[in-house]
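What follows is a set of notes on a single structure, which appears directly below.
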Amino acid sequence: MEAWITNVVEEFGYWGIFLLIAVENIFPPIPSEIILTFGGFMTTVTGLGVTGVILASTAGSLAGAVCLYGIGRLLDVERLEKLIGKYGKYIRVTSEDIHRADKWFDKYGVWTVFLCRMVPLLRSLISIPAGMSNMNIFTFLLFTTAGTLIWNTVLVSIGAGMGSSWHTIVDFMDVYSYIVYIMAAIAAGWFLLMLSQKNKRNKKA
């Protein structure tokens with residue numbers, strides 16, 4: 001995959017970066033770290049500029065984020081509630097849990113979107129609950145852009161600064177990503193455990 005990514009950037013320049021980042025936002029397994037740091041490196045050996053790479057990657061991020069936001073709007077809380085009413089007993093989730101999560105997102109969602117744009121995997125997936133909670137599209141775009149600009153600027157600048165050693169930062173980001181995935185898995189497991197225990201207590205009551 002890495003060879004394919006670098007080939008696309010080399011051949012299509014800004015448009016290649018835009019398309020790769022847009023796809024990366026929709027399919028998180030594609031690593032943005034490689035695209036951004038390699039894009040930064042390319043500014044040292046081609047006519048690409050750091051500002052251009054940052055803008056192209058940010059535009060691609062927004063395009064992908066809007067697609068996932070739209071998916072979230074299609075799912076929305078009401079449709080999800082119907083699915084939970086039908087299948088929730090198998091995963092021990094109730095409609096009350098969905099509404100509680102939706103209220104939490106209404107309260108803290110904008111900052112969650114901003115911060116998650118700088119976290120691997122979550123930077124893409126956070127757009128779906130934002131859409132499901134019917135977050136104002138302009139607010140969503142504002143905080144998505146802000147978080148994305150920081151993430152893209154840091155990685156592109158590092159790639160440009162490290163030049164031909166750009167791959168070093170990718171190895172570091174791999175470790176960072178693994179830590180994030182482990183923490184996310186632990187958090188999800190803890191959440192499901194607490195949810196299961198709460199539902200058991202409610203049944204006993």
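Taken as a whole, segment 77-88 holds no residue that is open to solvent by less than 80 Å² (accessible area, probe 1.4 Å), among the hydrophobic types (A, V, I, L, M, F, W, C) and either touching a Pro at 6+ places or on another chain (Cβ under 7 Å) or at pLDDT 90 or above (or both).
Restricting to segment 12-48, and then to whatever is part of a helix (DSSP H, G or I), at pLDDT 85 or above and open to solvent by 40 Å² or more (accessible area, probe 1.4 Å), can you tell me which residue is nearest to L125 (Cα to Cα)? By that ranking, first place goes to V23. Among the residues making up segment 127-183, those that are at pLDDT 85 or above, buried (at least 19 other Cβ atoms within 10 Å of the Cβ) and aliphatic (A, V, I, L, M) are A130, M135, L155, V156, I158, A160. Pairs meeting the criteria (first residue in segment 1-24 and closer than 10 Å to S57 by Cβ and among the basic types (K, R), second residue open to solvent by less than 60 Å² (accessible area, probe 1.4 Å) and at pLDDT 90 or above, beta carbons under 7 Å, at least 6 apart or on different chains) are lacking.
The values are calculated or read from the model by the stated rules, or taken from the named source; none is laboratory data. Quick caveat: nothing in here was measured; it's all calculated off a predicted structure. No Cβ is skipped: glycine too gets one built from the backbone with ideal geometry, and neighbour counts run over all protein chains shown. Calculation scope for accessible area: heavy atoms of the full protein, side chains included, ligands and nucleic acids excluded. Shrake-Rupley method; radii C 1.70, N 1.55, O 1.52, S 1.80 Å.
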